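> This is the structure I want to talk about, given as structure tokens.
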Amino acid sequence: MADGPLLVYGPRSTTYDFGPSHPLTPRRFGPGIGLLEAVGAKAGLPPEPVDDERLEWIHDAVYVEIVRAFSRDPEARFRAGIGPGDTPAFAGMHEASAAVAGGSLGAMEAILRGDVEHAFHPGGGLHHAMPDRAGGFCVYNDPALAVARARRDDLRILYIDLDVHHGDGVQRIHWNDPGVMTVSIHETGFALFPGTGFVDEVGGPAARGTKVNVPLDPGTGEIGWLAVVREVLPALADSFRPDVVVSQHGADSHAFDPLAHLRVTTTAMGAAARLVDEIAHRWAGGRWLATGGGGYDIFRVVPRTWALVWLAGAHREVPAAIPGAWRGQWAAGAERAAGVELPKTFEDPPNAGLPYGAREEAADRRAPEIAREALAAVGLGA
Ligand SMILES: [Zn+2]
Ligand SMILES: [Zn+2]
């Protein structure tokens, strides 16, 4: 597609809002969509709420009722993972969350109809939502719903999760389906939420070997992370032979992220997105839905990560410099809100310019060993 991936974004996107002090803030869409537009993307599919019937492909009816109740009365007492803490209630939360799900579902339908090869939904990627409860800022699981939609056409889905947190909800929802391979590359559950995603989680009785987890040590940087991505993704695609690829590009694996401890760079994230694009073309007829995900450095990291994913799907070179107009528009806001200076390039200097010490070196050295353990756990590799 000469024009690049279908960009899923619209007025509903910013209504998914847990309040001014929550880390997953819709304020990321200002600089994020701004930089996407600066590289040539245009919003082409505004998310609209999905109906209950389709939400219930992946969520319990009782849970959807609970979310609706919180949506009407955000003061209701804590239940189903919703309340004070990570995933607080807010007025209209059902409609806002159903719209995120509807955005990824609509994008998948556009891909299945053949209207587009690739789509990118930066507001999507809410991978922690479970069938019966919310968690980790996620209410409805939009990537799992997009996967479920493709499964209804009997297609085989490769789900690739690059967020720093384990993609636990997608793995759980499709745990016993041998037609869905989930692969999550994340910081180990020993150090980070949600505390799962170990190599021995390989799928339910009907689907053993289709769930793959690569839990990395804190401090793992672009060298180790990208080595893992390059070792596991093509090998798994080649053995699984997907018809569709769905990927989650959480920007919280980045070295600057305030909530986690990997040291990945935008350079590596962009290279990973290009590899996912290649995999989609080589094995899945080009059918690729990419989503955003976590990412809490909303000025320096999230916009560049989104732009690099979109550029990968547009098969375009990364521009040499970040457009000056975008920097001019957001520089003061970044300084005021976060005390940071905006980067001048899409790709980072080595190690994002941070010191590279013994901890990072050891983690990078260990990463390919963990990848081999993960492949061995599903019967692949030496
Ligand atoms: Zn995350
Ligand atoms: Zn492509």
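The values are calculated or read from the model by the stated rules, or taken from the named source; none is laboratory data. Since the structure is predicted, the reported quantities are computational estimates derived from the model, not experimental observations. Every residue, glycine among them, receives a Cβ derived from its backbone with ideal geometry; neighbour counts consider all protein chains shown. For the accessible areas, the whole protein counts, side chains as well, though only heavy atoms, and no ligand, DNA or RNA atoms are used. Shrake-Rupley method; radii C 1.70, N 1.55, O 1.52, S 1.80 Å.
> With a 1.4 Å probe and every protein chain left in place, work out the accessible area per residue of the chain in Å², rounded to a whole number.
Ligands and nucleic acids excluded, the result is 37 Å² per residue.
> Under 13 Å from a point 7 Å along the Cα-to-Cβ line of residue 317: which residues of the stretch 248-285 have their amide N that close?
none
> Work out the charge dipole of the chain with +1 on the Cβ of Lys and Arg and -1 on the Cβ of Asp and Glu about the Cα centre, then indicate which of 199, 11, 146 is farthest towards its positive end.
The Cα lying farthest towards the positive end belongs to 11.
> Taking 8 Å as the Cα distance limit and 6 or more residues as the minimum spacing, I'd like the relative contact order of the stretch 191-317 as a percentage.
It rounds to 25 percent for the stretch 191-317.
> Now for a separate question. If you put +1 on each Lys and Arg Cβ and -1 on each Asp and Glu Cβ, how big is the dipole of the stretch 167-273 around its Cα centre, in Debye rounded to 20?
For this selection, approximately 160 debye.
> Write down the percent of antiparallel bridges among all DSSP beta bridges whose residues are both part of the chain, to the nearest 5.
Of all bridge pairs located within the chain, approximately 5 percent are antiparallel.
> Could you tell me which of rounded, prolate or oblate describes the chain, using a ≥ b ≥ c as the square roots of the eigenvalues of the alpha-carbon gyration tensor, with rounded for a/c under 1.5 and, failing that, prolate when a/b is larger than b/c and oblate otherwise?
Here the chain falls in the rounded category.
> To continue, here is another question. Could you tell me whether the stretch 313-366 comes out rounded, prolate or oblate from its Cα gyration tensor? Rule is a ≥ b ≥ c as square roots of the eigenvalues, rounded for a/c under 1.5, then prolate if a/b exceeds b/c, otherwise oblate.
Taking the square roots of the gyration eigenvalues as a ≥ b ≥ c, the stretch 313-366 is oblate.
> Report the relative contact order of the chain, percent, no decimals, based on alpha-carbon pairs under 8 angstrom and at least 6 residues apart.
Computed over the chain, the figure is 18 percent.
> Using only the Cα atoms of the stretch 108-265, construct the convex hull and provide its projected area averaged over every direction, in square nanometres to one decimal.
9.0 nm²
> Using alpha carbon coordinates only, what is the Rg to Rh ratio of the stretch 266-382, with Rh defined as the Kirkwood radius?
1.04
> For the ranges 236-242, 138-144, 258-264, what's the packing order if you count other beta-carbon atoms within 10 Å of each residue, average per peptide, and put the highest first?
Highest mean packing first, the order is 138-144, 258-264, 236-242.
> Next up: Taking every pair of distinct Cα atoms and averaging 1/r, then inverting, what Kirkwood hydrodynamic radius in Å comes out for the stretch 1-154?
The answer is 15.8 Å.
> Moving on to the next point. Where does the charge balance sit around residue 296 when Lys and Arg score +1, Asp and Glu -1, over other residues with C-beta under 12 Å from its C-beta?
Spelling it out: positives minus negatives among the neighbours equals -1.
> May I ask for the net charge around residue 199, where only other residues with Cβ less than 12 Å from the Cβ of residue 199 are counted and Lys, Arg are +1 while Asp, Glu are -1?
It works out to a net charge of -2.
> Tell me whether the stretch 208-321 comes out rounded, prolate or oblate; compute the Cα gyration tensor, take square roots of the eigenvalues as a ≥ b ≥ c, and use a/c under 1.5 as the rounded threshold.
Oblate.
> Another one. Out of the total accessible area of the stretch 214-340 (probe 1.4 Å, heavy atoms of protein only), what percent is carbon and sulfur?
50 percent
> Which of the DSSP-defined H helices in the chain satisfy a minimum axial length of 18 Å, computed from C-alpha atoms, and a minimum mean Kyte-Doolittle hydropathy of -1.0?
93-113, 222-240, 266-283, 324-338, 358-377
> Shifting gears a bit: So, with a 1.4 angstrom probe, what is the percent of accessible area on the stretch 90-133 that is carbon and sulfur?
It is 45 percent, rounded to a whole number.
> Using the Cα centre of the chain as origin and beta-carbon charges of +1 (Lys, Arg) and -1 (Asp, Glu), tell me which of 270, 296, 324 is placed farthest towards the positive end of the dipole.
So the residue we want is 324.
> While we're on this one: Using packing as a proxy for protection, rank 163-174, 9-20 so that the peptide with the highest average count of other Cβ atoms within 10 Å comes first.
163-174, 9-20
> Pick out which of 145, 275, 24 has the largest mean-square fluctuation in a Gaussian network model of the chain, springs linking Cα atoms closer than 10 Å.
The residue that fluctuates most here is 275.
> Explain nothing, just the number: relative contact order of the stretch 81-133, from Cα pairs under 8 Å at least 6 residues apart, as a whole percent.
Averaging sequence separation for qualifying contacts and normalising by length gives 32 percent for the stretch 81-133.
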